[in-house]
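Below: one structure, written as structure tokens.
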Amino acid sequence: MSAVFIISTDAKYASRRNEEYPVTQVATVNYHVHKPERQAFELDAGGIEGNLISPELAPTEVKVFDERAVGVATTFEDASVAFTDFPTKVQSYADDTNWRDTYDAELTKLLQDELNAKEVIIFDHTLRVDDPDAVRKPARNVHSDYSVDGAHRRLIDLVGSEKAAEWRDGHFAFINVWRPVGDAINSAPLGFILPESVAEEDWILLDLIYPDRNGQIMGLAANPDHEWVYMSKMTPDDVVYFNIFDNRGRPSIAHSALDMVEDLSIQTIRKSIESRTLVRY
């Protein structure tokens, strides 16, 4: 694994945000590395649930703009990501609590209200816990969830070939919705790179190998122009929704858990739920 190196984003932040604000935190992220051969993630490798084989990653220190600190927010329209207050009635995400219908209805309303979505299909919920023994840990690699081919393949998986053709004739997108579970986030918050700061050559196509199917995602290589944003101290009443593929060209947003701690005196474990959705506009 490569040595840690530091990317300075002072110039970019000065150009985007008012210099008078103490707007940045420092975090470590794991960028991908360009290689001549195709790279892949293997999930549940060797038939062991949660066992992950990863490509080479480059730990990198980056400066991250905290939107809560100054009350300045990105918008989905401009940056493919938006944070909002959106409380849930769900108190437990345990498998035996029958929470999915309630939560799916809430997220459907969120995406209809915020994005004017005509149809919403919620097809996956992933609970993540920042613990070495957790089945699903925070994703600590800079990535976006679909390549173009991977997104169209997943569309067919979800709605079938005939209906997929109808969706492709219109405007559809894959949108992720993420929120904390239990305690407010104090460590490993979710961070995003503003799309306008990403160069086309930063993206790296990666295979995603599951026990029962294959997919593709896009990893991101380091670039000193990247502008990172996050929302500090997110609670279970907060959500962030972000674009991971759009067939009309809205940028996919690169994201990753940020290795950083807000308050060293707080010892809570980061828990979160992310929900993958397919939206027709």
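Evaluating 6.51 cos²θ - 1.76 cosθ + 1.60 at θ = phi - 60° for every residue in region 243-257, the Karplus couplings come out as 7, 10, 6, 9, 6, 9, x, 4, x, 6, 10, 6, 8, 5, 4 Hz, glycine and proline recorded as x.
With contacts defined as alpha carbon pairs under 8 Å and 6 or more residues apart, what's the relative contact order of the chain in percent?
Working: 617 pairs, mean separation 85.8, N = 281.
It rounds to 31 percent for the chain.
Given a Förster distance of 45 angstrom, what is the FRET efficiency for R100 paired with E200, based on the Cβ-Cβ distance and rounded to 0.05? Efficiency at R0 = 45 Å is approximately 0.75. Over the chain, dividing the summed -39,500 (n - 2.57) contributions of all DSSP H runs of at least 4 residues by the number of residues returns a 222 nm mean residue ellipticity of -5000 deg cm²/dmol.
Extending 7 Å from the Cα toward the beta-carbon at both A165 and E262 defines two label points whose distance is 5.0 nm. Ordered by the number of other Cβ atoms lying within 10 Å of each residue's own Cβ, fewest first, S54, S275, S144 fall into the sequence S54, S275, S144. Which of the trypsin sites (Lys or Arg not before Pro) found in region 209-256 are in a DSSP loop and have at most 13 neighbouring Cβ atoms, other than their own, within 10 Å? Those that pass, being in a loop and sparsely packed, are R213, R248.
What trypsin sites (Lys or Arg not before Pro) does region 70-148 have in DSSP loop regions with at most 13 other beta carbons within 10 Å? Each step should come with its number before you reach the end.
Working: sites: K89, R100, K109, K118, R128, R136, R140; in loops: K89, K118, R136, R140.
When the trypsin sites (Lys or Arg not before Pro) of region 70-148 are filtered for loop state and at most 13 Cβ neighbours within 10 Å, K89, K118 remain.
For A188, the residues whose amide H sits under 5 Å from its own are M260, ignoring neighbours fewer than 5 places away on the same chain, with H placed 1.01 Å from N. Remark: region 154-161, residue by residue, has Karplus-estimated 3J(HN,Hα) of 5, 4, 5, 4, 7, 10, x, 5 Hz, where x stands for each Gly or Pro and the curve is 6.51 cos²θ - 1.76 cosθ + 1.60 at θ = phi - 60°. Placing a pseudo-label 7 Å from each Cα along the Cα-to-Cβ vector at D157 and E56 gives an inter-label distance of 2.8 nm. Have a look at the DSSP beta bridges in region 5-280 and tell me what percent are antiparallel, nearest 5. Looking only at bridges with both residues in region 5-280, the antiparallel portion is about 85 percent. Extension gain for the segment Q91 to T126, taken as residue separation times 0.36 nm less the Cα-Cα distance, is 11.0 nm to one decimal. Residue exposure proxy: F192, F83, ordered by other Cβ atoms within 10 angstrom of their Cβ from fewest to most, comes out as F83, F192. Of D202, D169, D207, the sequence from fewest to most neighbouring Cβ atoms within 10 angstrom is D169, D207, D202.
The numbers here are math on the coordinates, done by the rules we state, and not lab data. Nothing here was measured: the structure is a model prediction, and the numbers come from that model. Every residue, glycine as well, gets a Cβ built from its backbone with ideal geometry; the counts of neighbours run over all protein chains shown.
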